[in-house]
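Since the structure comes first, as structure tokens, the remarks are kept for the end.
The values are calculated or read from the model by the stated rules, or taken from the named source; none is laboratory data. Owing to the predicted nature of the structure, the values given are computational and were not obtained by experimental measurement. Here the Cβ positions follow ideal geometry from the backbone for every residue, glycine too, while neighbour counts run over all protein chains shown. Note: areas computed on protein heavy atoms with side chains; ligands, DNA, RNA excluded. Shrake-Rupley method; radii C 1.70, N 1.55, O 1.52, S 1.80 Å.
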Amino acid sequence: MVKETRKVLRTCIACHATEAQETLVRYVSAPDGSLLVDYQHKLPGRGSYTCLNKKCMTQAVQRKAFTRSLKNSQLNVDVEQLISSLQEQVRARVLNLMGMARKASLVSSGSQLVISSLKNPRDIAWVLMANDITQGVGSKVRERTTRANVPLVECFDKAAIGQALGLSERSVLALMKSPLAQTLNQELQRYTYVMGEL
Ligand SMILES: [Zn+2]
């Protein structure tokens, strides 16, 4: 069978750019008149879309584009609320994917194990390090990943990483090369973007 590769396109209600659906943010209106961010495109009902940037999100609110496109004049919209909801949902998605990666045996975690696995880095896609890692261990991880030419991401705290993996606190994890690692990397980049730029 030929795999269907054609992308579903949607239009941003602010700048009217037409983009692949999965790159846009989806919104639906809740029965109580509030506007919900539907980051994973799973909620039922009519959806509206904007680009993933503050400019389009803000314009859509200011120009009442959500109200028009969702045909709901009662809609309560607050752009700061939309942004924080988006940040929360991207964070949850990343942490959830990390849990899936561990269940699929694609994760090694703990500083000892990760540092020793960096001696043979061929299968490692990237390393994630907690932002509250002990300074000494942190420098060691930085040095070893640089030497092994493995990308290093600093994100989340030890408690969040451990919880995502279903373990106690973890300061560092290595992810094995896999399609899941690629997806996770994309989501991590989005997370960094929504936390930094939005
Ligand atoms: Zn746009």
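Miscellaneous remarks
- A count restricted to segment 166-192 and to residues that are open to solvent by 70 Å² or more (accessible area, probe 1.4 Å), under 16 Å from GLU88 (Cα atoms) and in contact (Cβ under 8 Å) with a residue 12 or more places away in the chain stands at 1.
- Segment 10-37, residues that are near the ligand (Cβ under 9 Å from one of its atoms) and of a type outside the set (Gly, Ala, Ser): THR11, CYS12, ILE13, CYS15, HIS16, GLU19, LEU24
Residues are listed down the side, and each one gets a yes or a no for (1) of a type in the set (Lys, Arg); (2) open to solvent by less than 30 Å² (accessible area, probe 1.4 Å):
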residue: ALA14; (1), (2): no, yes
residue: VAL25; (1), (2): no, yes
residue: PRO31; (1), (2): no, no
residue: ARG46; (1), (2): yes, no
residue: GLN81; (1), (2): no, no
residue: ALA104; (1), (2): no, no
residue: GLN112; (1), (2): no, no
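- Flag for ASN185 being under 22 Å from SER84 (Cα atoms), outside the structural domain of LEU52 (by TED's automatic domain parsing) and in a loop (DSSP other than H, G, I, E, B): no
- The selection criterion, being surrounded by 12 or more Cβ atoms within 10 Å (Cβ to Cβ), more than 16 Å from the ligand (Cβ to nearest atom) and closer than 26 Å to THR192 by Cα, holds for GLU88.
- Considering residues of segment 112-136 that are assigned to a helix (DSSP H, G or I) and of a type in the set (Gly, Ala, Ser) only, the residue nearest to the chain's Cα centre (by Cα): SER117
- Qualifying residue in segment 158-174 (condition: farther than 15 Å from SER109 by Cβ and part of a loop (DSSP other than H, G, I, E, B)): no
- Any hit, segment 111-123, residues being more than 14 Å from LEU175 (Cα to Cα) and touching a Ser or Thr at 6+ places or on another chain (Cβ under 6 Å): no
- Residues (out of contact with any Asp or Glu (no Cβ under 9 Å at 6 or more places or on another chain) and either of a type in the set (S, T, N, Q) or open to solvent by 60 Å² or more (accessible area, probe 1.4 Å) (or both)) located in segment 145-165: THR145, THR146, ARG147, ASN149, PRO151, GLU154
- Taken over segment 163-185, the criterion of being farther than 14 Å from VAL127 by Cα and touching a strand residue (DSSP E or B) at 6+ places or on another chain (Cβ under 8 Å) is satisfied by LEU165, LEU167.
- Unique residue being open to solvent by less than 50 Å² (accessible area, probe 1.4 Å), outside any helix (DSSP H, G or I) and away from the ligand (no atom under 16 Å from the Cβ) when the list is SER73, SER108: SER108
- Test set (1) within 18 Å of SER108 (Cα to Cα); (2) surrounded by fewer than 17 Cβ atoms within 10 Å (Cβ to Cβ) - GLY136 fails condition number: (1)
- Among residues of segment 54-81 that are closer than 19 Å to ARG10 by Cα, those with a beta-carbon under 7 Å from a residue that is open to solvent by 30 Å² or more (accessible area, probe 1.4 Å) and away from the ligand (no atom under 15 Å from the Cβ) at least six positions away or on a different chain give the pairs VAL61/VAL77; PHE66/VAL77; THR67/SER73; LEU70/SER29; LEU70/ARG46.
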